[in-house]
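Okay, structure first, notes after.
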Amino acid sequence: QVQLVESGGGLVQAGGSLRLSCAAAVRTFSSGTMGWFRQAPGKEREFVAAISWSGGITYYADSVKGRFSISRDNAKNTVYLQMNSLKPEDTAVYYCAQHSSGNPTTAQGYNYWGQGTQVTVSS
């Protein structure tokens, strides 16, 4: 059973916006923090954003700061990534993930991952 399911990806033009959603099942061995990562072809998976359980603490990669916004609705068990002012270099498969321990800006601290959703930004 897939526990984290991303949606909302697609094809947009540069400067456009998308909102990604991640439906996350409640499970044990979670710090409460949820994150978004992305992986472009031929590149390592990289951190995008993360958010604490309450939403009071957020983290952003420098490359997306000021353009992307992470949020969550715990009543809906859903985490969002609002992506504005999209650039071609944002093109990647985007994954949501459940954090367990350690640095929330690195992949090794996450123990469950969604299947990914493709985001393609055209010029």
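Straight-line reach from Lys76: taking Cα to Cα under 15 Å and skipping same-chain neighbours fewer than 8 places apart, the aspartates and glutamates in range are Glu6.
Just to confirm the filter: which chymotrypsin sites (Phe, Trp or Tyr not before Pro) across the stretch 1-70 are DSSP coil and have at most 10 other Cβ within 10 angstrom of their Cβ? Before the final figure, lay out each step's value.
Numbers: sites: Phe29, Trp36, Phe37, Phe47, Trp53, Tyr59, Tyr60, Phe68; in loops: Phe29, Trp53.
Those that pass, being in a loop and sparsely packed, are Phe29.
Sequence neighbours fewer than 8 away in the same chain don't count; with that in mind, list the lysines whose C-alpha is under 21 Å from Lys87. Answer for Lys87, where 21 Å is the Cα cut-off: Lys43, Lys65, listed by chain and number.
Can you work out D for the stretch 57-123 in µm² s⁻¹ from Stokes-Einstein, where Rh is the Kirkwood radius over C-alpha pairs, the temperature is 25 °C and the viscosity is 0.890 mPa s? Please report the intermediate quantities before stating the final value.
Details: Rh = 13.4 Å.
Answer, rounded: 184 µm²/s.
Using a probe radius of 1.4 angstrom, the carbon and sulfur fraction of the accessible surface of the chain is 49%.
In this structure the chain gives 51 Å² per residue of accessible area when probed at 1.4 Å with all protein chains present. Normalised Debye scattering of the chain at q = 0.15, 0.22 Å⁻¹ gives log10 I(q)/I(0) of -0.60, -1.32, counting only Cα atoms as equal scatterers and leaving out solvent.
The values are calculated or read from the model by the stated rules, or taken from the named source; none is laboratory data. Quick caveat, the model's predicted, so the values are computed rather than measured. Reconstructed Cβ throughout: ideal geometry from the backbone, glycine too, with neighbour counts over all protein chains shown. Note: areas computed on protein heavy atoms with side chains; ligands, DNA, RNA excluded. Shrake-Rupley method; radii C 1.70, N 1.55, O 1.52, S 1.80 Å.
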